[in-house]
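Chemist: I'd like to ask some things about the structure below.
The values are calculated or read from the model by the stated rules, or taken from the named source; none is laboratory data. This one's a predicted model, so the numbers in the text were calculated from it and none came from an experiment. Neighbour counts run over all protein chains shown; Cβ positions are idealised from the backbone, glycine included.
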Amino acid sequence: MSVSLTSPFAFGLHPVGPVRSDVTCSIVIVSFHSLSELAPCLDMLRAGASGVRFEVIVVNNAQSDAAAMAAHCAAKGVRCLQSTHNIGYGPACNLGAAAAQGRYVLFMNPDVRISLSSLQLLIELSDATKDLVAIGPLQGDARGRVRGKLLSVGQRWTPAKRTLHRLSAAGTLKPTGFLGGGVLMVRKDIFDQISGFDENLFLFHEDDDLCLRLAQRGKLAIAAGVLAVHPAGRSTPPSDALTKTKSWHLGNSKVYVARKHYGSKASFAPLLEAVCKFVHPAILTRRGRIKACAFFAGVWSALFHTKPAGVQTQ
């Protein structure tokens, strides 16, 4: 089944997916030319036995593979919501969440691999911690090398914010200020109360903004010892044009989040970061120059409201 929807949060409406007692978790996966990564992701979710009652909702932001995506989802027995154009990651997550019927919503990238036993542990930990509003596993590569951060945009580092690499005790919770949107589980009622992802953010730092708002309703934590395999940058095939687009939005969104949560003065911090990229060794490579120039352009656009020349988002 494939349908086209408009996000309910964009117009201040209530979500259309009532919570059902027979669905514990709704897994929302946003795809953009990611069918090759989505197939093994769905296969892993369907493999093995688990006491978790879950549903899978795929939101396809690409149009060229709409028919193939709909057919694949139908064959796998999962729902497919087809957007009319590339609406961005956060708005696409909102589409999926609006149709979700579980008590929890797990947002997950198509290149993520997580076992059902890990998903069950996330749910058990959340059920046992009533003031917890969002939880996520450690994210790393197939060799178990963990990457990520513990702070959202604008939050200050303290000695208590230990590196993620020291977290290893299974079943324990590590309080955090940030959970990466690649694998992020939230209580659906709280997600609905804060109107989901901010749809002014097309790409990047939408998880920072979400976490900053979720933290006003309760605690966020990482499930130490639970690892989701998430290789960087494999959801969508790479290209120079895509690198430019991503880097532009990375800078633009960072300014938006800083200004939204900390005021206009804080929004100039990304400008210093943008300037520093031009003296980083990566600038010696062609890809590094593309990233630095596009990031600076995105920051400048957000600060001074200029048009993003040459950047395609569709």
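Chemist: Looking only at segment 55-103, count every residue that is in a loop (DSSP other than H, G, I, E, B) and without any contact (Cβ under 8 Å) to a residue 60 or more places away in the chain and tell me the total.
Modeler: Of the residues in segment 55-103, 7 are in a loop (DSSP other than H, G, I, E, B) and without any contact (Cβ under 8 Å) to a residue 60 or more places away in the chain.
Chemist: Look through segment 186-200, keep the residues that are buried (at least 24 other Cβ atoms within 10 Å of the Cβ) and hydrophobic (A, V, I, L, M, F, W, C), and return whichever of them is nearest to the chain's Cα centre (by Cα).
Modeler: Only one residue tops the list, namely PHE197.
Chemist: Just checking, how many residues over segment 104-154 are touching a residue at least 24 places away in the same chain (Cβ under 8 Å), assigned to a loop (DSSP other than H, G, I, E, B), over 19 Å from the mean Cα position of the chain (by Cα) and on the phi < 0 side of the Ramachandran plot?
Modeler: So the count comes out to 3.
Chemist: Failed condition for LYS307, given (1) under 24 Å from ASN61 (Cβ atoms); (2) modelled with pLDDT of 95 or more, with all others met?
Modeler: (2)
Chemist: Okay, moving on. Considering only segment 64-84, how many residues are over 19 Å from the mean Cα position of the chain (by Cα) and closer than 23 Å to GLU206 by Cα?
Modeler: So the count comes out to 1.
Chemist: Determine whether PHE197 is touching a residue at least 24 places away in the same chain (Cβ under 8 Å) and in contact with a Cys (Cβ under 7 Å, 6 or more places away or on another chain).
Modeler: yes
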